[in-house]
1. Could you list, in sequence order, the residues of region 19-54 that are open to solvent by less than 60 Å² (accessible area, probe 1.4 Å) and of a type in the set (D, E, K, R)?
2. What is the residue count in region 1-18 for residues that are part of a loop (DSSP other than H, G, I, E, B) and open to solvent by 10 Å² or more (accessible area, probe 1.4 Å)?
3. Do we have Pro119 as surrounded by fewer than 17 Cβ atoms within 10 Å (Cβ to Cβ) and either modelled with pLDDT under 95 or not basic (Lys, Arg) (or both) here?
4. Mind counting the residues in region 145-172 that are open to solvent by 80 Å² or more (accessible area, probe 1.4 Å), touching a Leu at 6+ places or on another chain (Cβ under 9 Å) and within 18 Å of Val111 (Cα to Cα)?
5. Could you figure out which of (1) of a type outside the set (Val, Ile, Thr); (2) part of a helix (DSSP H, G or I); (3) in contact with a Ser or Thr (Cβ under 6 Å, 6 or more places away or on another chain) isn't true of Gly257?
6. From the list Val107, Val111, pick out the single residue that is part of a loop (DSSP other than H, G, I, E, B), touching a helix residue (DSSP H, G or I) at 6+ places or on another chain (Cβ under 8 Å) and within 20 Å of Ile41 (Cα to Cα).
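The values are calculated or read from the model by the stated rules, or taken from the named source; none is laboratory data. Not measured: the values here are computed from a predicted model. When we count neighbours, we look across all protein chains shown, and the Cβ atoms used for this are built from the backbone with ideal geometry, even at glycine. Note: areas computed on protein heavy atoms with side chains; ligands, DNA, RNA excluded. Shrake-Rupley method; radii C 1.70, N 1.55, O 1.52, S 1.80 Å.
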Amino acid sequence: MTKKTYRRVMTVAGSDPSGGAGIQADIKTISACGCFATSAIVAVVDENTVGVTGVHPVPADFVVGQMHSILDDIGSDAVKIGMLHSSELIRAVRATLEEYPALTDIVLDPVMVATSGDPLLQADAVATLREVLIPRARVITPNIPEAELLLGRKIDKQDDLPQAAEELAALGASVFLKAGHLSDERLVDVFFNAESGTLTHLESARVSTVNTHGTGCTLSSALASFLALGNSLDDAARLAKDYIAAAIAAGAAYDIGHGHGPVHHFHNWWQ
């Protein structure tokens, strides 16, 4: 009897013990989207819904070891990459990916700015991310503050997003630019497909909720999962948008923690 095979997604990111973001959110999302999740942990984070108390980085060579262990044994159909805290780690992850040239469905969430607006990476690491890792990704998923940091200019309104996404694509990847930081009644993200040169507007209702912890991690993991399942770039972007919109809407009904709670990753499975 021929056995079934999983569609596999590896996440390379930091942990979140509160379960709303990071590796924990990635694994939940990948599982909810129908794929098998593996992970390489880059940092152990002391965090809850209120904030981050501390970060304990994992040495770059140990991160590389985790990636080799996964890719040499289980393999992966797609990769989601979250916050990488140093230039050394960014270069190590890129070098490791180069050992697996067939692995092309790479989704990079360029986590560089905290919710407070404070930068999470020093200038040299931002430059390394831009020059070394983005060109290896198939899709990047910046929010507006991250896009501003990559472009070196402000993005003030909805009409600025298409041009900003196209400019970001010049760095070497397709761009899912998230509009959550704008105050418009409708939430309209844009997806610029660098492979076809086409732009798609992805609209959803804006939900009034404090439960938005981990939305970026969740979206990028969903996008990687839908690519792993064999969807086209445009379809994967639409499906990921639908997934995160529904997860935010369902999560708004819950009360968890004293700060920014999580979205409902398993909204399709239980309420």
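1. Correct list: Asp26, Glu47.
2. Restricting attention to region 1-18, the residues satisfying the condition of being part of a loop (DSSP other than H, G, I, E, B) are 1-7, 15-18.
When the remaining residues are screened for being open to solvent by 10 Å² or more (accessible area, probe 1.4 Å), the result is 1-7, 15, 17-18.
Residues flagged as part of a loop (DSSP other than H, G, I, E, B) and open to solvent by 10 Å² or more (accessible area, probe 1.4 Å) within region 1-18 amount to 10.
3. On the way: surrounded by fewer than 17 Cβ atoms within 10 Å (Cβ to Cβ): yes; either modelled with pLDDT under 95 or not basic (Lys, Arg) (or both): yes.
Answer is yes for this residue.
4. 0
5. Every listed condition holds for Gly257 apart from (2).
6. Numbers: Val107 fails: part of a loop (DSSP other than H, G, I, E, B).
The unique qualifying residue is Val111.
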